[in-house]
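Okay, so here's the structure we're looking at.
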Amino acid sequence: MIRADGLAKRYGGTTAVDGLSFDLKPGVVTGFLGPNGAGKSTTMRMILGLDRPSAGSVTVNGKAYRDLPAPMHEVGALLDPKAVHGGRSARSHLTWIAQAGGIARKRVDEVLDVVGLTEVAGKKVGAFSLGMYQRLGIATALLGDPPVLILDEPVNGLDPEGIYWIRTLMRKLAAEGRTVFVSSHLMNEMEETAEHVLVIGRGKLIADMPIAELTRGSGRSHVRVVSPQVAELVEGLHAIGATVTAEEDGALHVVGMDAPEIGDLARVMGVGLHELTPKRASLEAAFMDITRDSVQYSSGAPEVAEPLRALTPEGK
Ligand SMILES: Nc1ncnc2c1ncn2[C@@H]1O[C@H](COP(=O)(O)OP(=O)(O)OP(=O)(O)O)[C@@H](O)[C@H]1O
Ligand SMILES: [Mg+2]
């Protein structure tokens, strides 16, 4: 259980985190989403007592991190996977941390096995790939068998097998009743992994809701339509008030009507349909909608095509 109350952090003139309040519940994976520079890592560092809040507070299991009697047994974290001495082996790195935290040596072999590093446990960490560093960081977080896990971009650098593995691991850890808080840039990946999301932009909370609710509320749900009589169909769709744009391959992108309504309209008009596909908004699209005003570094690319007027007769 993690609770933030009016949490804020300023660095000189920059407000990195701006009055965040939230409760993270055990038993689910909570995704932490936000554009670059939104304040995700800063928030995680404050939870872990590595940064002091400028205002507000945050507690883990009811206590500030520094007041936890046995922090490694209460919260495990992966922040910077490369913060490891390159001259050590994975096993000696973990053994050193286990000793410092009063954790039995045999736990080191257990966590090496969980993250799939047993075979390379004796190799120098300096030669590891980014994905192997991530696995070692997760092993470190799991050492104390903590009920709370905080993982900053753990999927970074993992190959597809690694992504599948970590997704399964996070879900399993949550199913065991743990609080799992994980940041990511990969929206579609979060859609597969998290049940709940916190979205922030410029340090402020934008959304705190189940993923399903976030995608349902997005205006991006649409129907993809392919017809040999495009002009006629567009005219009919416009007459009923639907918004129609063209997709790259020439298919119609229809907002404001569902697939059965479009199918019925086409039948009444005597227009053929070659494709009629309902498309639910992806988390990625929903995310872009709600964070558009708070993106610090934007490519400036247009996100929605201009309404399709060229295919309708003049004056319509
Ligand atoms: N130690 C620091 N000193 C000064 N400014 C900082 C410091 N750490 C972070 N910031 C600033 O605070 C803001 C939030 O940064 P933070 O790293 O928390 O964002 P983030 O959401 O983790 O971004 P990313 O997705 O790129 O990892 C940024 O504007 C960043 O430049
Ligand atoms: Mg970050």
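Below are the figures for this structure:
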quantity: Packing-based order for 79-89, 102-112, using average beta carbon neighbours within 10 Å, highest first; calculated: 102-112, 79-89
quantity: Packing-based ranking, highest mean first, of 35-41, 136-142 given that Cβ atoms within 10 Å are counted; calculated: 136-142, 35-41
quantity: Net charge of Cβ neighbours under 12 Å - reference Asn188; Lys, Arg +1; Asp, Glu -1; calculated: -3
quantity: Choice from Arg202, Arg267, Arg52 with maximal GNM fluctuation in the chain (Cα, 10 Å cutoff); calculated: Arg267
quantity: Solvent accessible area, Å² - Met46, 1.4 Å probe, full protein context; calculated: 10 Å²
quantity: Neighbour net charge for Leu265 - beta-carbon separation under 13 angstrom, K R +1, D E -1; calculated: -4
quantity: Gained length - Asn36 relative to Glu275, 0.36 nm times residue gap less alpha-carbon distance; calculated: 82.3 nm
quantity: Helical contribution to [θ] at 222 nm, DSSP H n ≥ 4, -39,500 (n - 2.57), averaged over the chain, rounded to 500; calculated: -9500 deg cm²/dmol
quantity: Residue of Asp264, Asp249, Asp159 that the Gaussian network model of the chain assigns the largest fluctuation, springs spanning Cα pairs under 10 Å; calculated: Asp249
quantity: Lysines with Cα under 22 Å of Lys25, excluding same-chain neighbours fewer than 8 positions away; calculated: Lys40, Lys63, Lys172, Lys204
quantity: R0 of 22 Å, Cβ-Cβ distance Lys106-Glu74: FRET efficiency to nearest 0.05; calculated: 0.60
quantity: Which of Met44, Leu214, Ala175, positive extreme of dipole for the chain (C-beta unit charges); calculated: Met44
quantity: Label-point gap, in nm, between Leu130 and Arg52 - each point 7 angstrom along Cα→Cβ; calculated: 3.4 nm
quantity: Extension reserve of the Glu176-Ala259 stretch, reckoned as 0.36 nm per residue once the Cα distance is removed; calculated: 25.8 nm
quantity: Length gained when the stretch Val268-Asp249 is fully extended (0.36 nm per residue, less Cα-Cα span); calculated: 4.3 nm
quantity: Among Met132, Ala4, Leu94 - extreme Cα towards positive end, dipole of the chain, charges at beta-carbon; calculated: Leu94
quantity: Å² of accessible area per residue within the chain, as computed with a 1.4 Å probe and no ligands counted; calculated: 49 Å²
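The values are calculated or read from the model by the stated rules, or taken from the named source; none is laboratory data. Note that the structure is predicted; figures quoted are calculated from it, not measured. Reconstructed Cβ throughout: ideal geometry from the backbone, glycine too, with neighbour counts over all protein chains shown. For accessibility, only protein heavy atoms count, side chains too; no ligands or nucleic acids. Shrake-Rupley method; radii C 1.70, N 1.55, O 1.52, S 1.80 Å.
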